[in-house]
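One structure below.
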Amino acid sequence: MPPLVRRFSDFFRDLEQLERTAARTEAVLEVFARHTPFPRGALYLRDRDARLRLAAKSRQFIAPEILDDEPPAELIASPDRVIVPLRSGRDPVGVLALAAAGVYEEQDLDLLRAGAVFLSTVIANQRLTQEAREGDFQLKYRLWELETLYDIGLSIAGTLNIEELADEILFRMISLINARRAALFLREGGRFKVYRSFGDVRSDFLDDELTTQLLEAGRPISFEAGADCIFPACTTFVAVPIRGDNEVIGVLAAADRETRDGGIGVFDENELRLLSLFANQVAIALENARLHRDALEKQAMERELELAATIQRDILPKSVPSLEEMEIAALARPARQVGGDYHAFFERENGATLLVADVSGKSMPAALLVSALHAAVQLLVGEGRPLGEVATELNRHIHSWSAENKFITLIMAAIDREAETLEYVNAGHNPGYLLNDGRVDTLKSHGLPIGMLAQSKYMTQIRPFPSGSTVVLYSDGITEAENEAGEEFGNERLEPLLDGRASPAELRDRIGAAVDAFTGSAPQKDDQTLVIARSGSGRMRNQP
Amino acid sequence: MTEELKVAIDRKGSGAVLYTKGYINNVGGEEIANRAYELMDDGVRTLLLNLRETKIVNSIGISILIEIIEKMMDKGGRIAFCCLTPVIHKTFQIMGLANYATIYDSEEAAAKELAL
């Protein structure tokens with residue numbers, strides 16, 4: 001093979017290798033140095049902005065980073081260097097600037113021209129391949145964006161746990177817009193509080209000025225961040241309101257959008273559009289989660305009410321005691337929301353002790369206090385102590401046991417058939433009634449409710465209670481029962497019903513019917529309790 | 001949660017398991033790439049990426065993972081992934097990573113198949 005042909009052949013074989021291995025740009029200069037009398041030089045390639053940017057250079061070869069001059073149409077040769085344009089068709093793809101090692105010949109320049117044509121094709125092919133790959137990547141990336149938005153509508157909306165939901169929202173948002181940091185803010189009054197963040201935040205609340213801007217704009221806001229950015233030392237920032245049914249329920253914020261070249265860029269229009277669509281999906285998901293949480297809370301509350309009602313049902317007397325010469329009747333109507341009414345009967349020598357109490361509060365706390373009252377009362381009254389002592393001891397016990405704002409109004413009445421007396425204690429409760437010989441006397445409160453003050457002491461009150469007398473104890477659920485107009489039944493409607501000639505059962509039914517007729521279809525707001533006893537003679541016995 | 005990625009490596013003969021913890025973005029992806037290329041230069045030809053503690057990958061992280069896969073393929077080796085969250089699993093499928101790298105549910109399944 002003639003030497004010149006061999007030289008061309010060897011040169012092109014090496015250039016071909018460049019194509020096969022998608023070679024480093026330094027390798028281009030190495031190939032030219034190996035096969036031409038130009039051992040040093042620089043390779044410039046056209047970048048995305050159509051500028052000729054330095055891609056590789058030989059050691060100690062001085063070359064600027066950017067070539068301002070347009071590449072020449074043809075090879076330019078001077079004694080010590082050559083400038084070789086690289087073109088693919090009409091498009092300039094780069095320039096080779098090579099320094100001669102010494103004197104060169106025309107055939108060396110021919111070799112350079114031929115090599116440049118081949119190299120240009122290699123570079124153009126590599127560019128096309130790269131562009132095709134990037135196009136493919138971008139296409140897949142757009143598909144992924146759409147899938148992400150679609151998924152948020154499905155999987156996120158299916159995540160009813162707001163804790164998990166917050167993570168899911170943050171993770172997907174960060175991926176979607178290539179942010180480095182992000183935070184989810186939820187409305188708390190007129191402000192937006194950080195609910196979850198990826199990366200540190202400088203404050204628990206979104207800046208007031210930004211909040212105002214977001215509420216006014218109603219769409220994403222993006223800017224190059226300053227020192228007041230909620231993410232420390234952030235460069236670019238974006239925030240988008242999450243619009244619920246009636247108001248903005250939250251804000252999504254992110255910082256520092258990554259770019260392909262490793263830098264940080266501003267959030268572009270495409271990302272703002274994506275973020276808006278994302279926020280719409282998030283709004284639906286958050287509303288779903290909130291509704292679910294509300295439903296769970298309601299369920300829990302109903303379970304608690306059910307349990308409290310069970311406790312109270314088990315505590316209240318299952319039957320009305322019957323005494324041979326004493327008639328007792330009772331009425332206990334619990335409200336839907338368990339209140340704290342309690343009543344009890346105790347047998348005592350020559351009579352009975354009756355008790356009606358009303359515990360403050362509702363639901364489980366009230367039921368537990370009723371339970372404590374029940375235990376204490378059973379113990380103290382069972383010991384046969386005077387009622388004043390019972391109330392004083394009860395007060396001390398309940399005050400130390402219960403929460404600060406929990407107390408009990410209570411009326412106890414002990415009938416002594418033989419002595420024909422009625423002893424009573426009224427601790428902040430509605431006045432009881434004593435009916436005797438056509439007269440109606442009241443058993444008014446003479447002390448603070450039980451459990452209100454640790455030092456309270458209660459004195460037993462005593463009234464004559466001859467045979468045929470009736471005592472009526474009740475809770476405020478009777479007198480404060482409301483009709484549809486919001487008016488209370490009141491003592492003025494109760495007292496005309498108190499006819500001492502009627503039996504306790506008749507009185508109970510009469511009062512119960514009158515309250516029902518008064519309230520009509522208005523809901524019962526509080527427990528209603530009535531305990532009525534008329535004296536006679538005989539021993540107490542429980543009826544089934 | 002923080003945005004920083006941590007990498008741990010368990011070398012197993014001519015293979016290795018690379019564990020990631022955190023966000024695979026540009027910074028995290030470069031960290032993985034550097035460690036993966038060191039392993040490749042050291043003769044590793046089977047590399048399993050265990051992403052159990054990674055919950056987020058962005059598009060730049062994905063493009064870096066693709067570069068790592070291609071580089072390993074050029075060297076005649078293979079890369080696999082395991083323990084992906086459902087979201088990342090789907091992302092890898094859409095972005096085409098699953099075409100060039102096998103995805104396993106667990107490290108045990110991957111180790112058995114890849115003889116790690």
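The strands (runs of 3 or more DSSP E) found wholly in the range A:379-462 and carrying at least 3 residues that are more than 16 Å from A:His343 (Cβ to Cβ) and assigned by TED's automatic domain parsing to the domain that holds A:Phe489 occupy A:421-427, A:432-436, A:439-443.
Conditions tested, residue by residue: (1) small (Gly, Ala, Ser); (2) surrounded by 13 or more Cβ atoms within 10 Å (Cβ to Cβ); (3) out of contact with any Gly (no Cβ under 7 Å at 6 or more places or on another chain).
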{"site": "A:Ala99", "(1), (2), (3)": "yes, yes, no"}
{"site": "A:Leu109", "(1), (2), (3)": "no, yes, yes"}
{"site": "A:Ser120", "(1), (2), (3)": "yes, yes, yes"}
{"site": "A:Thr129", "(1), (2), (3)": "no, no, yes"}
{"site": "A:Asp136", "(1), (2), (3)": "no, no, yes"}
{"site": "A:Glu147", "(1), (2), (3)": "no, yes, yes"}
{"site": "A:Ile152", "(1), (2), (3)": "no, yes, yes"}
{"site": "A:Glu168", "(1), (2), (3)": "no, yes, yes"}
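On inspection, B:Leu84 fails the criterion of being aliphatic (A, V, I, L, M), at negative phi and touching a residue at least 40 places away in the same chain (Cβ under 8 Å). Please enumerate the residues belonging to the range A:437-461 that are over 24 Å from A:Leu494 (Cα atoms) and surrounded by fewer than 15 Cβ atoms within 10 Å (Cβ to Cβ). Across the range A:437-461, the qualifying residues are A:Leu453, A:Ala454, A:Gln455, A:Lys457, A:Met459. The single condition among (1) in contact with a Ser or Thr (Cβ under 7 Å, 6 or more places away or on another chain); (2) of a type in the set (A, V, I, L, M); (3) part of a strand (DSSP E or B) that A:Ala254 does not satisfy is (1). Flag not set for A:Thr212, criterion: in contact with a Cys (Cβ under 9 Å, 6 or more places away or on another chain), assigned by TED's automatic domain parsing to the domain that holds A:Glu163 and either surrounded by fewer than 19 Cβ atoms within 10 Å (Cβ to Cβ) or without any contact (Cβ under 8 Å) to a residue 24 or more places away in the chain (or both). Might you check whether a residue that is of a type outside the set (S, T, N, Q) and assigned to a strand (DSSP E or B) occurs anywhere in the range A:262-272? Yes: one or more hits.
When the range A:438-461 is filtered for residues that are touching a Pro at 6+ places or on another chain (Cβ under 8 Å) and in contact (Cβ under 8 Å) with a residue 12 or more places away in the chain, the ones remaining, listed by number, are A:Leu443, A:Lys444, A:Ser445, A:Thr460. With the condition kept exactly as written, say whether any residue in the range B:70-79 is of a type outside the set (Ser, Thr, Tyr) and within 27 Å of A:Leu170 (Cβ to Cβ). Checking the range B:70-79: not a single residue is of a type outside the set (Ser, Thr, Tyr) and within 27 Å of A:Leu170 (Cβ to Cβ). Here the condition is being out of contact with any helix residue (DSSP H, G or I) (no Cβ under 7 Å at 6 or more places or on another chain), in a loop (DSSP other than H, G, I, E, B) and more than 13 Å from every other protein chain (Cβ to nearest Cβ); of A:Ala73, A:Ala124, A:Ala116, A:Ala97, it holds for A:Ala73 alone. Of the candidates A:Ala42, A:Ala27, A:Ala56, the single residue that is more than 60 Å from the chain's Cα centre (by Cα) and surrounded by 11 or more Cβ atoms within 10 Å (Cβ to Cβ) is A:Ala42. Within the range A:232-245, being farther than 18 Å from A:Leu275 by Cα and either free of Cβ contacts under 8 Å to residues at least 12 places away in the same chain or surrounded by 14 or more Cβ atoms within 10 Å (Cβ to Cβ) (or both) holds for A:Ala233, A:Cys234, A:Thr235. For the range B:56-67, does any single residue satisfy the condition of being touching a residue at least 60 places away in the same chain (Cβ under 8 Å) and buried (at least 21 other Cβ atoms within 10 Å of the Cβ)? No, the range B:56-67 has no match at all.
The residue pairs whose first member lies in the range B:87-114 and is away from chain A (no Cβ under 13 Å), whose second member is at pLDDT below 90 and assigned to a loop (DSSP other than H, G, I, E, B), and whose beta carbons are closer than 8 Å, counting only pairs six or more residues apart or on different chains, are B:Ala110/B:Leu116. Scanning the range B:27-49 for residues that are farther than 21 Å from A:Gly262 by Cβ and either touching a residue at least 60 places away in the same chain (Cβ under 8 Å) or within 10 Å of chain A (Cβ to nearest Cβ) (or both) turns up B:Thr46, B:Leu48. Suppose the filter is outside the structural domain of A:Arg257 (by TED's automatic domain parsing), without any contact (Cβ under 8 Å) to a residue 24 or more places away in the chain and not in a strand (DSSP E or B); does A:Leu111 pass it? Judged against the criteria, A:Leu111 is not a match. Among the residues of the range A:497-505, is any assigned to a loop (DSSP other than H, G, I, E, B), within 22 Å of A:Lys362 (Cβ to Cβ), in the same structural domain as A:Leu422 (by TED's automatic domain parsing) and not acidic (Asp, Glu)? Scanning the range A:497-505, I find no residue that is assigned to a loop (DSSP other than H, G, I, E, B), within 22 Å of A:Lys362 (Cβ to Cβ), in the same structural domain as A:Leu422 (by TED's automatic domain parsing) and not acidic (Asp, Glu), so the answer is no. Out of all the residues in the range B:18-26, is one or more more than 11 Å from chain A (Cβ to nearest Cβ), within 16 Å of B:Leu116 (Cα to Cα) and among the hydroxyl-bearing types (Ser, Thr, Tyr)? So far as the range B:18-26 goes, yes, one or more of its residues are more than 11 Å from chain A (Cβ to nearest Cβ), within 16 Å of B:Leu116 (Cα to Cα) and among the hydroxyl-bearing types (Ser, Thr, Tyr).
Apart from one condition, A:Val103 fits all of (1) modelled with pLDDT of 90 or more; (2) in contact with a Pro (Cβ under 7 Å, 6 or more places away or on another chain); (3) in a loop (DSSP other than H, G, I, E, B); the exception is (2).
The values are calculated or read from the model by the stated rules, or taken from the named source; none is laboratory data. Since the structure is predicted, the reported quantities are computational estimates derived from the model, not experimental observations. Backbone-built Cβ (ideal geometry, glycine too); neighbour counts: all protein chains shown.
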